[in-house]
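Report on the following structure.
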Amino acid sequence: MAICSGDGGGNVDVHAARRLLHQGHTYLDVRTEEEFENGHVRNAINIPYKIITSEGMVNNPKFLDQVRAHFDKEDHLVVGCKSGVRSLYATIDLLKAEFKHVYNMEGGYVAWIENGYAV
């Protein structure tokens, strides 16, 4: 699934994501708190897109409110999860919510680790 955004945003591979982070973007990790605690990209902010309940993993109904509490719509974000699926949907939701500079990191944390990048 491709992301189209007029202002800024879309899918980037792990190498482009790393460059964006070095340029000052913030890494928004949308994995669960448990996944985040087991390792994450350096200086990442964790706001789960999905949460674990007694019914299994469900969308976090407070996701957008939690992101708005941490970030302005003009902030530059790289969104990542484990493999790039949850972050894709989170990125789409953020762009729909009028965040202007949001990039989905394809391959997620798995690709980050596979490339030997710092955690």
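The values are calculated or read from the model by the stated rules, or taken from the named source; none is laboratory data. It should be emphasised that the depicted structure is a prediction, and the values quoted were computed from it without experimental measurement. Note that we place each Cβ from the backbone using ideal geometry, even for glycine, and neighbour counts take in every protein chain shown. Accessible surface areas use protein heavy atoms only, side chains included; no ligands, DNA or RNA. Shrake-Rupley method; radii C 1.70, N 1.55, O 1.52, S 1.80 Å.
Mean-square fluctuations from a GNM of the chain, with a 10 angstrom spring cutoff on Cα atoms, peak among Ala90, Ala17, Ala44 at Ala44.
Listed by chain and number, the lysines whose alpha-carbon sits under 17 Å from that of Lys82, ignoring those within fewer than 8 places in the same chain, are Lys50. Summed over qualifying helices (DSSP H, 4 residues or more, each -39500 (n - 2.57)) and divided by its residue number, the chain shows a 222 nm mean residue ellipticity of -9500 deg cm²/dmol.
Our Cα-only numbers for the chain put the radius of gyration and Dmax at 13.1, 40 Å.
Can you give me the distance in nm between label points at Glu74 and Asn115, each placed 7 Å from the Cα along the Cα-to-Cβ direction? Once both label points are built, they end up 2.9 nm from each other.
On a per residue basis, the chain carries 54 Å² of accessible surface, using protein heavy atoms and a 1.4 Å probe. Element breakdown for the chain at a 1.4 angstrom probe: carbon and sulfur atoms account for 48% of the accessible area. For the chain, the dipole from Cβ point charges (+1 on Lys and Arg, -1 on Asp and Glu) about the Cα centre works out to 140 debye, to the nearest 20. Here the Gaussian network model covers the chain, with springs between Cα atoms less than 10 Å apart; of Asn60, Asn38, Asn46, Asn38 fluctuates the most.
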